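Engineer: Dropping the structure in here first, questions after.
Since every read-out is calculated from the coordinates, none of them should be taken as a lab result. All figures in this text were calculated on a predicted structure; none of them were measured in a lab. Here the Cβ positions follow ideal geometry from the backbone for every residue, glycine too, while neighbour counts run over all protein chains shown.
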């Protein structure tokens, strides 16, 4: 079944001293365009995370966010006591003030706080990986649900084109008869005697020129092929896009050959349905 490239997934893991939140959002794109935002402590795991995301999402403009919220019991920053004491000592030589006021100034000075680089806890990273997998499951469910909506829309529009094609086929004999009558009238308006054999040859030439039998057959085959691809087990938006181009080619040829106003109106309706299909195909995985 087809899948949409639009989706959203979120997962939260609560650890004793941390809260892990994973968010994944995707939109349509010709290829996989992955933007990953994660804490600096986990940069060395970025490639591993990207591989996990790309193996599941395949295509789309994907925004990945990993948030790590520390509880009050743990912090990655510590007061650099020696530096702060030195600042207080120097400030006391410049201004008069009690120790509390000098401390307020010193703590704002450069290097008053030191941030120690955290080592990655592998057990914690397993929890992060689990959260990513849960978010991926959610976004893929979202994509499948959106894909089902698109599939129903495609089926409706392909059927609309097929119904319009049936009207074209039913109208074709009337169109051909009209072509014959116009040619005969054009000849009679010349008020000249013509060779019937030559006229028949010319008539056959023009009828072949305006004949749309092959286009009708190919269009019908393309519509059936589109439906088969739509019902296949995999989701292949590019393949459906190629088939839609072939459908458009046959519709355009029928329109250019028809030379019949009523049929051209049907062709315009078919083009309108096809354009709506093409617009939606941009969002199919």
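Engineer: Okay, helix-only estimate at 222 nm for the chain: each DSSP H run of n ≥ 4 adds -39500 (n - 2.57), divide by all residues, round to 500 deg cm²/dmol; what do you get?
Structural biologist: Taken over the chain, the calculation gives -22000 deg cm²/dmol.
Engineer: Based on the mean of other Cβ atoms within 10 Å per residue, sort peptides 25-37, 87-99 so the most packed one is first.
Structural biologist: Ranked by mean Cβ neighbours within 10 Å, highest first: 25-37, 87-99.
Engineer: Quote the relative contact order of the stretch 1-154 in percent (integer), defining contacts as alpha-carbon pairs under 8 Å separated by 6+ residues.
Structural biologist: 37
Engineer: Kindly rank 246-254, 63-71, 140-148 from highest to lowest mean number of other beta carbons found within 10 Å of each residue.
Structural biologist: 246-254, 140-148, 63-71
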